[in-house]
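Peer 1: Below is a structure I'd like to ask you about.
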Amino acid sequence: ADYTVGLIVGSVSEPSLNRRFAEALVRLAPGAGLTIRDIPIAELPFYGAQYDADFPAVGREFKDAIESVDGLLIVTPEYNRSIPGVLKNAIDWASRPSGQSSLTGKPTGVTGASRGLISSALAQNHLKTILVDQGAPLVGAPEVYIRITDDFFTDDGAIANEGTREFLTAFLGRLHELIRRWQ
Ligand code: FNR
């Protein structure tokens, strides 16, 4: 069966390297039986606990978008050795009101791209710790730390290396498998 996966890109930079990487991943998704659709985070205000009593439509729509998909794919940059504040803010919205986290039981795959030598490894590990606390089942292996080099993308935005495409399709396949097991 095909599953629908919500894509959260943890960057609002323009252009964003991780947005570009995510768009290349979206092209591989049919090969893993997934349909990926974007869940934007840029319009969310900074979360504050006052919103729990009177939850705004923008927050409700974000939670509804997560709750309407079978799984999540989060593609995060690493900012100062952790996840960007904009992504943490989005997770805080998804986690509230207390006891009503939209992330609980939501199968999730985490990846991210960087030009740095250890890619986005530390950010991804922080993110996984946060998601474990939310009760989101995670794709454990393979871990996908993508180091972007000048020849990583083709001119039309695909992933140039065939082995990398196969590896990433297999990663998406593990997300498919995780969703199937949780159905
Ligand atoms: C970075 N960058 C970065 N890279 C990394 O590998 N580890 C890090 O800790 C950081 N820290 C960091 C902080 C801040 C504030 C910025 C703006 C950048 C570089 C980062 O990987 C690069 O800018 C990517 O292009 C970020 O992804 P997006 O936002 O373009 O998708």
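The values are calculated or read from the model by the stated rules, or taken from the named source; none is laboratory data. Treat the numbers as computed from the prediction; the structure is a model and nothing was measured. Here Cβ is always computed from backbone atoms with ideal geometry, including for glycine, and neighbour counts include all displayed protein chains.
Peer 1: Would it be correct to say that residue 10 is surrounded by 15 or more Cβ atoms within 10 Å (Cβ to Cβ), in contact (Cβ under 8 Å) with a residue 40 or more places away in the chain and at positive phi?
Peer 2: Taking the combined requirement at face value, the residue does not satisfy it.
Peer 1: Then there is this: Which of the residues belonging to segment 149-168 are part of a helix (DSSP H, G or I) and either crowded, with 17+ Cβ neighbours inside 10 Å or at pLDDT below 95 (or both)?
Peer 2: 165, 168
Peer 1: For segment 84-125, which positions are within 24 Å of residue 174 (Cα to Cα) and of a type in the set (Gly, Ala, Ser)?
Peer 2: Result: 94, 101, 102, 105, 109, 112, 113, 114, 119, 120, 121, 123.
Peer 1: So which residues in segment 14-40 are without any contact (Cβ under 8 Å) to a residue 60 or more places away in the chain and within 13 Å of the ligand (Cβ to nearest atom), if there are any at all?
Peer 2: 14, 15, 19, 22
Peer 1: Another one. Identify all residues within segment 64-85 that are within 16 Å of the ligand (Cβ to nearest atom), crowded, with 20+ Cβ neighbours inside 10 Å and either on the phi > 0 side of the Ramachandran plot or among the acidic types (Asp, Glu) (or both); write none if there are none.
Peer 2: 78
Residues are listed down the side, and each one gets a yes or a no for (1) out of contact with any Leu (no Cβ under 9 Å at 6 or more places or on another chain); (2) assigned to a helix (DSSP H, G or I):
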position: 28; (1), (2): no, yes
position: 41; (1), (2): no, no
position: 51; (1), (2): yes, yes
position: 58; (1), (2): no, yes
position: 87; (1), (2): no, yes
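Peer 1: Still on this structure, I have one more. Could you identify the single residue in 43, 61 that is more than 15 Å from residue 103 (Cα to Cα), free of Cβ contacts under 8 Å to residues at least 40 places away in the same chain and away from the ligand (no atom under 16 Å from the Cβ)?
Peer 2: Just a single option satisfies the conditions, and that option is 43.
Peer 1: Same structure again: Go through segment 102-148 and give me each residue that's assigned to a loop (DSSP other than H, G, I, E, B), over 14 Å from the mean Cα position of the chain (by Cα) and within 13 Å of the ligand (Cβ to nearest atom).
Peer 2: Across segment 102-148, the qualifying residues are 115, 116, 117, 118, 119, 148.
Peer 1: Could you identify the single residue in 52, 133, 70 that is touching a Lys or Arg at 6+ places or on another chain (Cβ under 8 Å) and acidic (Asp, Glu)?
Peer 2: 52
Peer 1: Looking for something surrounded by 18 or more Cβ atoms within 10 Å (Cβ to Cβ) and within 30 Å of residue 149 (Cβ to Cβ) - is there at least one such residue anywhere in segment 95-103?
Peer 2: No, that holds for no residue.
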